[in-house]
Amino acid sequence: DTGVSQDPRHKITKRGQNVTFRCDPISEHNRLYWYRQTLGQGPEFLTYFQNEAQLEKSRLLSDRFSAERPKGSFSTLEIQRTEQGDSAMYLCASSPQAYGDEQFFGPGTRLTVL
Amino acid sequence: AQSVTQLGSHVSVSEGALVLLRCNYSSSVPPYLFWYVQYPNQGLQLLLKYTTGATLVKGINGFEAEFKKSETSFHLTKPSAHMSDAAEYFCAVSGPNTGNQFYFGTGTSLTVIP
């Protein structure tokens, strides 16, 4: 399968715990994106990478959030000291280099913070 | 700044009836426009996109959309709704000055009545 994969699909954690999500993009795609989607809303941009470089971060991405893409392949998104407001679907997407290219989305990781 | 407005968070149509989902955008430069569909507990799937050229674009599953610059609109249509079209639909905009980041609307939930 050459689609975008995300792991885990579901994560339930207690407030204050740290969580880490993984995204494996389509192998030949240089760009990788993280979005957050809450109920009844469209996805909101968090950050994106071109190869291993993190080029942009949204103001939504507080200091408790960190993302990495070592070697320009898979990416991880870590949330430290989770809060109930972090409960959401976290979506990963990848795209080729060119502007105007569609983004290919993974199935998402649904985070529930108790 | 880029933004997307989807009028009507919920749309209901009878099976076989015309589907019309509205999307208006604001952009300071010519945009790239996309429609995605999201089925429950799944990621987003591209229906169609407009980058340049012909303003009427055809997508998968019989959907099409027309880019109207004068109206800053990119409405999605399908002549005859099927039960399988029931899903959440998102309009998105990006452009050369956004780092290819997508700005999504809040989505329209389509219900198809048998």
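Here are some notes:
- Within a Gaussian network of chain B (alpha carbon springs, distance under 10 Å), most fluctuating of B:S84, B:S94, B:S27: B:S84
- Based on alpha carbons, the Rg and Dmax found for chain B are 13.5, 44 Å.
- Computed FRET value (nearest 0.05) for B:S12 with B:K58, which takes r as the C-beta separation and R₀ as 22 Å: 0.35
- Highest-MSF residue in chain A out of A:I79, A:I26, A:I12 [GNM, Cα springs under 10 Å]: A:I12
- All-pairs Cα distance distribution in the protein assembly as shown, expressed in whole percent, bin size 5 Å: 1, 7, 15, 18, 19, 16, 12, 7, 4, 1, 0
- Top of B:G62, B:G95, B:G43 by mean-square fluctuation, Gaussian network on chain B, Cα under 10 Å: B:G43
- Prolate/oblate/rounded call for the range A:35-107, Cα gyration tensor, a/c under 1.5 rounded: oblate
- Accessible-area rank, largest first, for B:M83, A:M89: B:M83, A:M89, with all protein chains present and a 1.4 angstrom probe.
- Total formal charge among the other residues, if their Cβ is under 11 angstrom from that of B:T108, Lys/Arg +1 and Asp/Glu -1: 0
- Taking amide hydrogens as placed 1.01 Å from N in the peptide plane, the amide H of B:Y32 sits under 5 Å from those of B:S94, B:G95, each at least 5 positions away in sequence or on another chain.
- Whole-Hz couplings from phi, Karplus 6.51/-1.76/1.60, listed for the range A:53-63; x for Gly and Pro: 8, 7, 9, 8, 10, 6, 5, 5, 7, 6, 5
- Qualifying GluC sites (Glu not before Pro) for the range B:1-84 [loop in DSSP, other Cβ within 10 Å: at most 16]: B:E15
- Remark: the A:R22-A:K71 segment gains 16.2 nm on full extension, using 0.36 nm per residue and subtracting the alpha carbon distance.
- Under 26 Å from the Cα of B:K78 - lysines, other chains or at least 8 residues apart: B:K49, B:K58, B:K68, B:K69
- Summed side-chain charge close to B:V4 - residues other than B:V4 whose Cβ falls under 13 Å, Lys, Arg +1, Asp, Glu -1: 0
- Distance cut-off 16 Å, percentage of C-alpha pairs in the range A:65-114 lying past it: 54 percent
- Based on C-alpha pairs under 8 angstrom that are at least 6 apart in sequence, chain A has a relative contact order of 37 percent.
- Taking the square roots of 5 times each eigenvalue of the Cα gyration tensor of the range B:50-101, largest first, gives ellipsoid semi-axes of 23, 14, 10 Å.
- For the segment A:49-58, counting C-beta atoms of other chains within 10 Å of every residue's C-beta and taking the mean gives 1.
- Local net charge near A:Q80, Cβ-Cβ under 13 Å (Lys/Arg +1, Asp/Glu -1): -1
- Extension reserve of the B:S109-B:T77 stretch, reckoned as 0.36 nm per residue once the Cα distance is removed: 10.1 nm
- Residues of the range A:95-114 whose accessible area (probe 1.4 Å, heavy atoms of protein chains only) drops by at least 40 Å² once all protein chains are present, relative to their chain alone: A:Y99, A:G100, A:E102, A:Q103, A:F105.
The values are calculated or read from the model by the stated rules, or taken from the named source; none is laboratory data. Please read these numbers as outputs of a predicted model, since none were measured by experiment. No Cβ is skipped: glycine too gets one built from the backbone with ideal geometry, and neighbour counts run over all protein chains shown. For the accessible areas, the whole protein counts, side chains as well, though only heavy atoms, and no ligand, DNA or RNA atoms are used. Shrake-Rupley method; radii C 1.70, N 1.55, O 1.52, S 1.80 Å.
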